[in-house]
1. Which length gain, in nm to one decimal place, applies between Thr59 and Thr104 when the Cα-Cα distance is subtracted from 0.36 nm times their residue separation?
2. What is the local net charge at Glu77, summed over the other residues whose Cβ is closer than 9 Å to its Cβ (Lys, Arg +1; Asp, Glu -1)?
3. Can you give the accessible area per residue of the stretch 65-123, in Å², using a 1.4 Å probe?
Amino acid sequence: GERKMMADMMAKQGVGIQGLDAGGVRVRHCLSAQMVAQDRLPFEKGEGCQRQLSKRSETQMQFTLSCSDPQAQGEGEVTFVSPTAYHSRFTLDLMHEGKQERLTGTSQSTWLSAECGDIKAVE
């Protein structure tokens, strides 16, 4: 059904949805060795969104976001906890049905395996 279609679509974009529960969405990303070497993170290319790096240190990346569809502006940061794990958070202000709304999100990411299985890397 619709869920499978969504999962197939996301798998093509390097994202595997593992499950949805009260704790949030569990997602698997596939990164190529090249992306890892360049410190490129899976949420770099959003649909109609640009991410601009504003600050980078050994353990942290700060960025601003601007999206065209829907129109939205925001900022976020990624904190590297170890070579194989990072946390991220973001805030996004957008217009929804004529009202200003604020979206916030956090995520915890950790390395799973060197094999991606059926999920393709997004370059």
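1. Result for the pair: 14.0 nm of gain on full extension.
2. +1
3. The answer is 72 Å² per residue.
The values are calculated or read from the model by the stated rules, or taken from the named source; none is laboratory data. Keep in mind the model is a prediction, meaning the values are calculated, not measured. Every residue, glycine among them, receives a Cβ derived from its backbone with ideal geometry; neighbour counts consider all protein chains shown. All accessible areas refer to the heavy atoms of the entire protein, side chains included, with ligands and DNA or RNA removed. Shrake-Rupley method; radii C 1.70, N 1.55, O 1.52, S 1.80 Å.
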